[in-house]
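Following: one structure in structure tokens, then a few remarks.
Laboratory data are not the source of any read-out in this text; all were calculated from the coordinates shown. Just so we're clear, the structure is a prediction, and the values are computed from it rather than from any experiment. We place every Cβ from the backbone using ideal geometry, glycine too, and count neighbours over all the protein chains shown.
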């Protein structure tokens, strides 16, 4: 190890000081001159038509610049495809201010723009709108029998594999069997930072949009096709983000509104959504799942059937992979998976941290617990007996899979052996104690990404890629990769992201950023390294004469032969001797399909949870969680651990409190604020142990990383639900498990 | 938010005069509730009289052995006051069970009494609400009413008063001193908040222009046998589904005097004096507690998603009485709630 081996260590966030000092600028903090403010008016009804917007009354207020609505919006792109972003589902994307039709509650129906935010907000309150209301349906229960099988539509969506074996017959012949339905309500991402766009009018139809987004290129493509802008006239920037969780994957109506107003008024405009409006931009859908399982006499799975139905909007077929994981996580010859959608008068759901997997995992892993009890087996032992060494969905081996080691290490750390199997058999502090577990699986994906690396004569390296940073540690891990590749201290490296003027990177989602952008960063630095090697070999007496790039390494500011460390040159000397002020190199990294194709590429995890339940009052306190994750190589122990800690918090929230309540009478969410949509607070969070089980995997990508943004959430929710059953003997199958469900 | 004018009062007379001089005006203390409601257009005062800096922030002994809590003392300063901790620990615990440290640092004692309900529909101007807009209807009846009341409700309104502090105050029974255009008067705490009846827009019995100046606690503080139990949907920073404040005086195992008040169940902090009478002279046993708890909820009415509160309240009363009798709780840094 050397001073410039950075990967796998635990450096602090390189952007931490900026954030602490308030010097990291978020999209609502670009205070360009002559800024106007837009305030969005939201529909108070779920379905109907706007008859009249009394905009003139509001336009008359001094300082109000304009009221935009379908009544005066300029001619924009006509075709659906112009509104389709990179991960738009099938159907017709929502077009703000396009028509008088109201298709969901809180639909944005007007934008009031004024000289000040306060005036815009006041004017929006005064704006009278006449509606014709129509009957709506927002209740998934009412559409139970009207599910339909969606088309492939959305990027990343995989329809469930066809059935294998004879699942029904195997179930009928099973020694033990269970059948149960699981449900969870809608959940919203609720990042702390509100969706905000500041559009800087640069004159002559040119704009820069500082937009809260997880994908600046996705937004740029959307804006150019909707507003007919040239790419060079439409720069999109987002260097910091106060949480995304998937809410920022698609362009939100805030950016549409701000750009519309800016182009029409030829002025810089900012639009910020309210907290209530944050409940109108997509959500994890209300989902119903039916699980059937049966076992053989030896405790192996004889049959596994998993069917899911969830809501979508009337205009898009939002899809996510809910049931597929059930055909992959355990060995079973007889499997049937089904997936349907039902259309309701709501906004389209949207990918939310571990979309699909988080939902399906609850059904699968609670059902596995129920099955273990029915078969008289310890839940961990039951999973070990059904361990899958191959991905049976695609009949391929895993490129690497150390879930067994996750089970073993986490169980040992947790003290699973102290658990007695019988429900209601453990007590402490006058409370019932329960221990539960659950595990999960998530994709290890890599997407095409580009990067540029530039080194100056004084040895300072700058690397750029237009990816995102939603608080996960992207700046830090990319800095580590670049610094290690060229043998530099972290302080000598600056990584820049979040700007469409940079090389293109995919949206930041799917846990693929470390693998995708990380590989591009490494490739760009290697390409630069090759140029540096050539320069170093120019002098007749170069100690590196004749060496190939593979023969050398960059370490501690030097370039040296791998096999003879004395044959070395100082990097800065090479650069200064070259007479160049700077050197640069580009990369475009793609997954190695030939290498990957024979394998199934996935990360895995397991979580163990302990709860204490007050039997009289129904209150649940999670007292411990141990989470073990096998996700290839961990780039930064500290930021990775933070990601998993956050994931555990998410899993706990889903288990015990998070739910957006729809009042079907109004077709409107009623707890659309932070007081009544409960996310966990510090007092809810116990001690959390995080274990990373290292996997050597050069198949997934050259860095060997699988991504950890989502996998850590899986298993947690089910582990807590299973622990509550173990404590109380009550099986709660509809989340969240609120105290009244235990009374 | 609607435009408003603003002034800062220098003394109580100035505040009362200023408010009387402005139609549609409101007093504002810490603003932790009113400003939110203004942002959502639920409240639209034309003029705000800031009373937070009035010289009413002292907490001082009263000649009758009681303790005066100034109206503009913050919730934090009140909870941490040494006299409050020593003599009225149930108040300390109730205050610390509510909101967050930041909010308690800003919120005033007078303002705590003036908090408005947290009913979902009251907060959302897109839905009817008799409290916000009299005559428009109650959306919570027949709607989602998890946070709504089970005792003393009406067909016009099933909203609850959201305060924790006020539940402890209901048990301690202070008087509320107010100043208004027609002079000063004292209101028994019991009579300060009201039930919704057919005028749910009225939360309390203050008359136009009256300003709370202090809460005068009686001498008796139930410092030895008390409990504040708060049940909610997360462990901090959530309003009570049900909360219970108990104060007991004991002679051996016999209860000689009792105070019992509930939060989260009614339009006002729900003190049940008939239950207190039932406890008097009784042994502190599970049987006694169960009987009294059943009495308190005997007339409770659930409205669907809050049906569970009836059983939860019953169990919470039993638990809180037991904790109080055993003297389990102590005033301290953190609300532990006996859970």
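What is the angle, in °, between the Cα long axis of helix B:286-296 and the longest principal axis of the Cα atoms in chain B? Nearest 10 is fine, range 0 to 90.
The two axes meet at around 30 degrees.
As a test, work out the antiparallel percent of DSSP beta bridges whose residues both lie in chain A, rounded to the nearest 5.
75 percent
By how many nm would the segment from residue A:496 to residue A:333 grow when fully extended, if each residue of separation counts as 0.36 nm and the alpha-carbon distance is taken off?
Values: separation 163, 0.36 × 163 = 58.68 nm, distance 4.86 nm.
The span from residue A:496 to residue A:333 would gain 53.8 nm if fully extended.
Treat each spin label as a single point 7 Å out from the Cα along the C-beta direction, and report the residue A:128 to residue A:460 distance in nm.
Reported label-point gap for residue A:128 and residue A:460 is 6.1 nm.
How high is the FRET efficiency from residue B:285 to residue A:384, r the C-beta distance, R0 41 Å, rounded to 0.05?
That gives a FRET efficiency of 0.25.
For a quick check, take a GNM of chain B with Cα springs below 10 Å and name the residue from B:196, B:162, B:218 with the largest mean-square fluctuation.
B:218
Per residue Cα convex hull volume for the range B:86-132, in cubic angstrom?
108 Å³
Which residues in the range A:415-445 have a backbone N closer than 12 Å to a point placed 7 Å from the Cα of residue B:328 along the Cα-to-Cβ line?
A:429-431
Rounded to the nearest 500, what is the 222 nm mean residue ellipticity of chain A from helices alone, with -39500 (n - 2.57) per DSSP H run of 4+ residues and division by all residues?
Computed ellipticity for chain A at 222 nm equals -7000 deg cm²/dmol.
Using the alpha-carbon centroid of each, what span in Å lies between the range A:390-409 and the range B:92-107?
About 50 Å separates the Cα centre of the range A:390-409 from the one of the range B:92-107.
Compute the label zone of residue A:175 within the range A:376-396: residues whose backbone N is under 20 Å from the point 7 Å along Cα-to-Cβ.
Of the residues in the range A:376-396, A:376-388 have backbone N under 20 Å from the label point off residue A:175.
Based only on other Cβ atoms within 10 Å, what is the fewest-to-most ordering of A:141, A:615, B:276?
Fewest-to-most Cβ neighbours within 10 Å comes out as A:141, A:615, B:276.
Rounded to a whole number, what is D in µm²/s for the range B:225-326 from Stokes-Einstein with the Kirkwood radius over alpha-carbon pairs (37 °C, 0.692 mPa s)?
Values: Rh = 13.6 Å.
Answer from the Stokes-Einstein relation: 242 µm²/s.
Mind checking which of B:110, B:290, B:143 has the largest fluctuation in a GNM of chain B, springs on alpha carbons under 10 Å?
B:143
So what's the angle, to the nearest 10 degrees on a 0 to 90 scale, between helix B:308-326 and the longest Cα principal axis of chain B?
60 degrees
For residue A:586 and residue A:275 in one chain, what is 0.36 nm times their gap in residues minus the Cα-Cα distance, to one decimal in nm?
Value of the extension gain: 107.9 nm.
What FRET efficiency would be calculated for the residue pair residue B:257, residue B:46, taking the C-beta separation as r and a Förster radius of 56 Å, to the nearest 0.05?
Computed FRET efficiency for residue B:257 and residue B:46 comes out at 0.75.
Express the relative contact order of chain B as a whole percentage, based on alpha carbon pairs under 8 Å and six or more residues apart in sequence.
17 percent
How much of the DSSP beta bridge set in chain B is antiparallel, as a percent to the nearest 5?
Here the share of antiparallel DSSP bridges comes out near 85 percent.
Give the separation of the Cα centroids, the range B:184-244 to the range A:704-719, in Å.
So the separation of the two Cα centres works out to 46 Å.
Helix-derived [θ] at 222 nm for chain B: sum -39500 (n - 2.57) over DSSP H runs of at least 4, divide by residue count, nearest 500? Mind dumping the intermediate values first?
Numbers: 13 runs with 100 residues, N = 339.
Computed ellipticity for chain B at 222 nm equals -8000 deg cm²/dmol.
Would you mind pulling out the separation of the Cα centroids of the range A:521-594 and the range A:140-172, in Å?
53 Å
Please compute the contact order of the range B:166-269 in relative form: average sequence separation of alpha-carbon pairs under 8 Å and at least six residues apart, divided by the residue count, as a percent. Working shown, then result.
Working: 196 pairs, mean separation 30.0, N = 104.
Relative contact order for the range B:166-269 comes out at 29 percent.
Would you calculate the separation in nanometres between label points at residue A:298 and residue A:730, each defined as 7 Å from the Cα along the Cα-to-beta-carbon direction?
4.0 nm
With r as the distance between the Cβ atoms of residue A:192 and residue A:99 and R0 = 41 Å, compute the FRET efficiency 1/(1 + (r/R0)^6) and round to 0.05.
With a Förster radius of 41 Å, E is 0.75.
Report the relative contact order of the range B:225-326, percent, no decimals, based on alpha-carbon pairs under 8 angstrom and at least 6 residues apart.
Relative contact order comes out at 28 percent.
Hey, rough spin-label estimate for residue A:115 and residue B:39, points 7 angstrom out along Cα→Cβ, what's it come to in nanometres?
2.5 nm
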